[in-house]
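*Asks:* Okay, handing you the structure first.
The values are calculated or read from the model by the stated rules, or taken from the named source; none is laboratory data. In this text the structure is predicted, and so the values were computed from the model without any measurement. Cβ coordinates were reconstructed from backbone atoms using ideal geometry, including for glycine residues, and neighbour counts include every protein chain displayed. Note: areas computed on protein heavy atoms with side chains; ligands, DNA, RNA excluded. Shrake-Rupley method; radii C 1.70, N 1.55, O 1.52, S 1.80 Å.
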Amino acid sequence: MTVKQKIQSLRNELNTHNHNYYVLDNATISDLEFDLKLKELEKLEAENPEFFDANSPTQRVGGSITKNFETVTHKNRMYSLDNSYSKEDLLDWEKRIQKILGRTELEYTCELKYDGASINLTYENGQFVKAVTRGDGFQGDEVTANIKTILSIPLTLKGDFVSDFEMRGEIILPLNGFIKMNEERVANGEEEYRNPRNTASGSLKLQDSAEVAKRPLDCLLYQVVTSERKYKTHFESLKNARKVGFKVPETITLAKSIDKVFEFVNHWDEKRHDLPYETDGIVIKVNNLQQQEELGYTSKAPRWAIAYKFKAEQVSTILNEITYQVGRTGAITPVANLEPVQLAGTTVKRASLHNADQIEKLDIRVNDTVFVEKGGEIIPKIIAVDFTKRPKNSEPTHYATNCPECNSELIRTEGDAKHYCPNEFGCAPQITGRIQHFISRKAMDIDGLGGETVDLLRKEGLIQNYADLYDLKVEQIIPLERMAEKSAQNMISGIEKSKEISFEKVLFALGIRFVGETVAKKLAKHFKSIDNLMTANFETLIAVDEIGDRIAQSILDFSSDLGNIQLINRLKDSGVQLEVSAESLENQTDKLQGQIFVVSGVFHQMSRNELKKAIEDNGGKVSSSISKKTSFIVAGDNMGPSKLAKAETLGVTIISEQDFIDMVS
Ligand code: AMP
Ligand code: ZN
């Protein structure tokens with residue numbers, strides 16, 4: 001087999017596994033094997049850059065940065081859909097189109113209305129070319145690099161299909177992925193995303209495609225747009241699209257009459273809550289493509305299709321009590337405790353009230369009968385009070401003035417919707433929450449110590465903060481409930497081992513508000529030690545790439561607190577890493593600050609990975625694709641001809657391996 005054949009066969013194989021897993025939901029290879037094959041392909045492609053292919057499975061991991069998305073005019077306008085809300089509306093629609101077409105017997109397709117962001121994918125000769133958002137329907141933003149990271153979207157089609165066409169679909173965020181993302185945000189002390197739809201559409205416009213790659217996005221396809229008359233019906237075109245690799249949901253159904261459409265509507269109105277993603281309605285389309293053409297469009301929407309919107313499910317129930325939850329950062333969340341009620345397939349007992357303003361705006365009071373709705377958000381919300389049922393002796397709600405846990409007076413800073421308990425060091429859920437965060441996997445990763453044990457240790461008076469962990473002794477732990485010598489030993493050695501955790505993770509573990517994983521990395525890289533960070537002033541802080549006012553202020557607040565200073569000193573004394581290790585510092589500079597590099601070809605004095613590391617160690621960024629933003633291309637032997645051409649058109653400077661070495665030494 002020639003190298004070219006080997007590369008092609010690996011690409012085909014990886015594409016098939018991707019398709020099996022992400023479209024057919026049927027894994028045919030282990031993750032490990034997949035990674036090994038991908039690595040093998042990466043290596044072959046790196047060694048043979050003349051076989052570069054923008055649609056290779058290796059090009060889907062992301063990494064390119066787009067600062068400004070290009071505006072692109074749609075070849076075919078992306079229309080909106082007319083809405084209907086009742087069966088009468090649907091019957092009216094049928095009458096209108098029957099009249100235009102001059103016939104009464106019509107066939108329809110029924111599809112779910114996927115709730116996400118619409119996308120237009122262009123394919124030429126079986127190859128993915130570009131992806132553009134709907135925008136205003138005439139023009140959208142080109143988001144190709146981001147879309148490529150969505151693994152259920154085929155980049156290379158298999159089998160027979162029309163040669164030039166656009167595929168339209170919806171980028172969605174399935175519910176389980178959405179919930180997982182939010183769990184991570186909570187763990188990072190960040191605000192939760194409100195709903196899957198906005199999160200999906202926001203994802204398309206992220207500047208860093210590697211960030212998009214991390215999000216569990218999916219793409220469900222619903223329309224083939226082509227001038228070729230290869231298919232007679234919409235249904236047939238979608239069936240074939242599925243065959244060549246697109247994820248066309250199996251829920252799409254043919255309906256020979258409007259009564260069959262009603263059956264579909266009724267079925268999904270009830271069953272939609274069992275779906276792994278959200279839907280807010282049904283889309284009904286005339287199946288025959290010739291008839292679609294005859295019906296044409298109004299100024300806004302096709303006449304041949306209509307959306308049927310489900311009513312957001314609502315129930316009324318009694319509000320028994322308002323309680324207040326205290327988070328790790330001291331943020332207070334009011335919670336409505338409801339008389340349990342069935343809603344959208346689950347029993348609802350609690351609803352979020354968000355904050356004091358929300359309660360005041362809706363004038364929500366204990367013992368009120370309230371309307372609860374499950375709309376785009378996972379947590380049900382109270383949308384209104386049934387004032388006709390308000391008890392005579394009802395009293396306006398007085399928002400909590402003191403912390404439910406420690407009784408400290410709550411504070412609310414201007415511009416912040418939430419109240420906070422300021423008693424950072426004496427409020428139980430804050431103490432426990434902070435230590436739980438400290439030991440978590442992405443932070444100090446302490447084995448042998450779990451969340452419940454932290455609470456137990458706190459209750460027993462053994463720990464009040466994370467620095468106390470390092471003073472724990474086996475003898476103190478053994479007598480505790482459900483503790484044996486072995487588990488106590490494990491806990492202590494886990495704590496001991498955490499002293500090797502790198503500074504950037506320690507910084508994240510400290511739980512400074514708004515300092516999540518990525519921000520911690522940036523800060524560690526820039527300031528190199530906790531002392532530098534804690535003595536930095538506002539100007540120095542906001543001068544760091546991607547550090548804004550809010551983060552800077554939060555760091556200043558943290559650094560000026562005496563309690564925190566003491567804690568940090570104790571951590572230092574215990575041997576926790578509070579600066580970047582000498583080893584990793586050795587070769588670091590910021591000579592390449594602000595420069596973006598693309599590495600291509602084969603090198604002699606160092607490996608590709610060493611080269612990439614050298615770029616990052618010197619403050620530069622590595623990107624996988626060439627754009628206007630690229631500062632330099634480091635070209636080894638056999639740089640791919642397409643990359644070379646692209647670099648030349650964009651006027652990006654190409655340097656050799658030796659030039660690069662001279663640059664940093
Ligand atoms: P609207 O945004 O309410 O005007 O509805 C039109 C949008 O519904 C389209 O732009 C699509 O993004 C979306 N949509 C979701 N599912 C479908 C489907 N099965 N067929 C057509 N459009 C759909
Ligand atoms: Zn408190």
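*Asks:* Mind checking the full-extension length gain between Asn490 and His604? Use 0.36 nm per residue of separation minus the Cα-Cα distance, one decimal, nm.
*Replies:* Taking Asn490 through His604 to full extension adds about 36.4 nm, to one decimal.
*Asks:* Placing +1 at every Lys and Arg Cβ and -1 at every Asp and Glu Cβ, with all other atoms neutral, what dipole size does the range 276-373 have around its Cα centre, in debye to the nearest 20?
*Replies:* Rounded to the nearest 20 debye, it is 180 debye.
*Asks:* For the chain, what is the calculated [θ] at 222 nm in deg cm²/dmol (nearest 500), taking -39500 (n - 2.57) for each run of four or more DSSP H residues and dividing by its residue count?
*Replies:* Only helices count here, giving -10500 deg cm²/dmol.
*Asks:* Here is a follow-up. Among Gly619, Leu343, Ser529, which residue has its Cα positioned farthest towards the positive end of the charge dipole of the chain, with +1 placed on the Cβ of Lys and Arg, -1 on the Cβ of Asp and Glu, and the dipole taken about the Cα centre?
*Replies:* With unit charges placed on the Cβ atoms, the residue in question is Leu343.
*Asks:* Just the number, please: carbon plus sulfur as a percent of the accessible area of the chain, 1.4 Å probe, no ligands or DNA/RNA counted.
*Replies:* 48 percent
*Asks:* Next question. Net charge near Gln314: determine it from the other residues with C-beta under 10 Å of the C-beta of Gln314, scoring Lys and Arg +1 and Asp and Glu -1.
*Replies:* It works out to a net charge of 0.
*Asks:* Assign unit charges at the C-beta atoms only (+1 for Lys and Arg, -1 for Asp and Glu), then state the dipole size of the range 139-235 relative to its Cα centre in Debye, rounded to the nearest 20.
*Replies:* Once rounded to the nearest 20, the dipole reads 380 debye.
*Asks:* To continue, here is another question. Within the set Lys442/Lys473; Lys214/Lys521; Lys214/Lys612; Lys442/Lys643; Lys214/Lys239; Lys148/Lys381, which residue pairs have Cα atoms separated by over 27 Å?
*Replies:* Table pairs above 27 Å Cα-Cα are Lys442/Lys643; Lys214/Lys239; Lys148/Lys381.
*Asks:* Moving to a separate point now. In whole percent, what relative contact order does the range 214-320 give with Cα contacts below 8 Å and a gap of six or more residues?
*Replies:* 23 percent
*Asks:* Taking Cα pairs under 8 Å and at least six residues apart, what relative contact order does the range 152-228 come out at, in percent?
*Replies:* 53 percent
*Asks:* Measuring from centroid to centroid over Cα atoms, what is the spacing of the range 287-330 and the range 573-634 in Å?
*Replies:* 47 Å
*Asks:* When a/c is below 1.5 the answer is rounded, else prolate if a/b is larger than b/c, else oblate, so apply that to the chain with a ≥ b ≥ c taken from the square roots of the Cα gyration tensor eigenvalues.
*Replies:* Because a/c hits 1.5 or more and a/b fails to exceed b/c, the chain counts as oblate.
*Asks:* A further question follows. Taking only protein heavy atoms into account and a 1.4 Å probe, give the accessible area per residue of the chain in Å².
*Replies:* Accessible area per residue: 50 Å².
*Asks:* How about Lys75: which lysines have a C-alpha closer than 20 Å to its C-alpha, ignoring those fewer than 8 places off in the same chain?
*Replies:* Output for Lys75: Lys130, Lys230, Lys300.
*Asks:* While we're on this one: Which residue, Asn288, Phe597, Val474, has the largest displacement toward the positive end of the dipole of the chain when charges sit on each Cβ (Lys, Arg +1; Asp, Glu -1)?
*Replies:* Most positive-ward Cα: Asn288.
*Asks:* Which pairs, out of Lys113/Lys285; Lys311/Lys392; Lys349/Lys392; Lys271/Lys311, put more than 23 Å between their alpha-carbon atoms?
*Replies:* Too far apart for the 23 Å limit: Lys311/Lys392; Lys349/Lys392.
*Asks:* Around Ala467, with a cut-off of 10 angstrom between Cβ atoms, what is the net charge of the other residues, counting Lys and Arg +1 and Asp and Glu -1?
*Replies:* Taking every other residue near Ala467 into account, the sum is -1.
*Asks:* Given Cβ point charges of +1 (Lys, Arg) and -1 (Asp, Glu) and nothing else, what value in debye, to the nearest 20, does the dipole of the range 596-664 about its Cα centre take?
*Replies:* Taking the Cα centre of the range 596-664 as origin, the dipole is about 380 debye.
*Asks:* Subtracting the Cα-Cα distance from 0.36 nm times the residue separation, let me have the gained length for Glu395 to Glu321 in nm, one decimal.
*Replies:* My answer for the length gained is 25.4 nm.
*Asks:* May I pose another question? Suppose the chain between Asn76 and Arg185 were pulled fully straight at 0.36 nm per residue; how much longer would it get relative to their current alpha carbon spacing?
*Replies:* 35.4 nm
*Asks:* Could you name the aspartates and glutamates in cross-link range of Lys43, using Cα to Cα under 13 Å and dropping any fewer than eight places away on the same chain?
*Replies:* Output for Lys43: Asp35.
*Asks:* Then there's this: Tell me which GluC sites (Glu not before Pro) from the range 65-110 have a DSSP coil assignment and no more than 11 other beta carbons within 10 Å of their own.
*Replies:* Those satisfying the criteria are Glu105.
*Asks:* Still on this structure, I have one more. Counting pairs of alpha carbon atoms under 8 Å apart in space and at least six apart in sequence, what relative contact order in percent does the chain give?
*Replies:* 11 percent
*Asks:* Could you name the aspartates and glutamates in cross-link range of Lys247, using Cα to Cα under 14 Å and dropping any fewer than eight places away on the same chain?
*Replies:* Asp25, Glu111, Glu170, Asp218
*Asks:* Now for a different question. Can you list the cysteines of the chain that have no other Cys Cβ under 4.7 Å away?
*Replies:* Cys110, Cys219
*Asks:* Let me ask you something else. Give the shape of the range 3-47 as rounded, prolate or oblate, defined through the alpha-carbon gyration tensor: a ≥ b ≥ c are the square roots of its eigenvalues, a/c under 1.5 means rounded, and otherwise the shape is prolate if a/b is larger than b/c and oblate if not.
*Replies:* Because a/c hits 1.5 or more and a/b exceeds b/c, the range 3-47 counts as prolate.
*Asks:* With unit charges on the beta carbon (Lys/Arg positive, Asp/Glu negative), name the residue among Ile565, Ala543, Gln577 whose Cα is farthest towards the positive pole of the charge dipole of the range 503-585.
*Replies:* Looking along the dipole axis, the top candidate is Gln577.
*Asks:* Further, regarding this structure: Rounded, prolate or oblate: which fits the range 560-665 when a ≥ b ≥ c are the square roots of the eigenvalues of the alpha-carbon gyration tensor, with rounded for a/c under 1.5 and prolate only if a/b beats b/c?
*Replies:* Here the range 560-665 falls in the prolate category.
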